[in-house]
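Some notes on the structure that comes next.
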Amino acid sequence: MLILAGIAGFIVPAEQSFTSGATAYNVFHIAFGLFGLVVLRSDNQVAISGFNAVFGLIDLYQALASYLGLPPKEYFLWTRVDDILHVVIGFALLGIGSYGLYRHRVTAKA
């Protein structure tokens, strides 16, 4: 999904998009999407859960950074829609990743 979001950012004209079309933001989506695919292909459940949890935190940071004017706001040019998506997806990924890490810990102790 991240890869598609990055590609769409390059294809959809900025004036027709509800989200940022900044080049750095699009490259960020593509790079992390590719990294996520590598993690997924590893079939390592801890790494997959960790990726989800960490990327959830990154999403939440982006929403906070947009609101407070923190870096990389000047490069990513977030919109209000980006902020809403980052909060919703960030909490979802953090929850899913944390649950996966918890399940691994419980299973490893058994």
Practice task
Give me D for the chain in µm² s⁻¹, whole number, from Stokes-Einstein with Rh from the Kirkwood sum over alpha-carbon pairs, 4 °C and 1.567 mPa s.
Solution key: 88 µm²/s
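Give the carbon-plus-sulfur fraction of the accessible surface of the chain in %, rounded to a whole number; probe 1.4 Å, heavy atoms of protein chains only. Write out the running numbers ahead of the final one.
On the way: 5100 of 7160 Å².
Solvent-exposed carbon and sulfur of the chain make up 71 percent of the total.
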Handout entry: Heavy-atom surface of the chain, accessible at 1.4 Å and reported per residue (Å²)
Key = 65 Å²
Handout entry: Alpha-carbon Debye profile of region 25-89, log10 I(q)/I(0) at 0.11, 0.21, 0.28 Å⁻¹
Key = -0.28, -0.87, -1.19
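The values are calculated or read from the model by the stated rules, or taken from the named source; none is laboratory data. Being a predicted model, the structure only gives us computed values, none of them experimental. Just so you know, the surface numbers come from the protein's heavy atoms only, side chains and all, with ligands and any DNA or RNA stripped out. Shrake-Rupley method; radii C 1.70, N 1.55, O 1.52, S 1.80 Å.
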